[in-house]
Amino acid sequence: MRIDIPEEKVFVHECTIPVRWGDMDAYGHVNNAVYFRYIEQARIHWLDSLRLPFVTQEAGVVVVNAFCNFLKQIEYPAELKVRTFIANPSRVSLETFNLISLTSDPDTLYATGGATLVWVDFQTQKAASWPADLRAKIQNTDS
């Protein structure tokens, strides 16, 4: 089952990630599980770029679901261009989406994926409202 990337989304970040030799499996292409690491790394790059804490001792961003559509095989050596988008921000959650291509072939999608992020109070283990400063950054991006 392929999960579609919505048309209504806002571009928030782009990063470059090198494919490492150890990312490949016995078949000579990037192991499927590694794509989730690329998506994770792109998400962390974006959150870091906000220059606000996205985790504290009391609360933080938690991934409540994640997906990846594998479109084409990626092989070493390569450098990935990972674009991050957001959609549907709410009081407690946010959808992120990623488009993965090669820097040498930026118009061809090799994978698409994403995750739903929720701000969680670690003590209660329940969703909580985004901190005001983080919410403001997310909402300012979504305009």
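Sorting 96-102, 4-10, 108-114 by their mean Cβ neighbour count within 10 Å, with the most densely packed peptide first, gives 96-102, 108-114, 4-10. The slack between Phe67 and Leu109, meaning 0.36 nm per residue of separation minus the straight C-alpha distance, is 13.6 nm.
Annotation for segment 1-45: chymotrypsin sites (Phe, Trp or Tyr not before Pro) lying in DSSP loop with at most 16 further Cβ atoms inside 10 Å of their Cβ are Tyr27. Helix content alone sets the calculated 222 nm mean residue ellipticity of the chain: runs of n ≥ 4 DSSP H residues at -39500 (n - 2.57) each, divided across all residues, give -6500 deg cm²/dmol. Most tightly packed first, judged by the mean number of other beta-carbon atoms within 10 Å of their residues, the peptides 62-69, 121-128 read 62-69, 121-128. Using only alpha carbon pairs under 8 Å that are at least six residues apart, calculate the relative contact order of the chain and give it in whole percent. Result for the chain is 29 percent.
Taken together, the values in this text are just the output of simple stated rules run on the coordinates, not laboratory data. Source: prediction; values computed, not measured. Methodologically, a virtual Cβ is constructed for each residue, glycine included, from the backbone with ideal geometry; neighbour enumeration extends over all protein chains shown.
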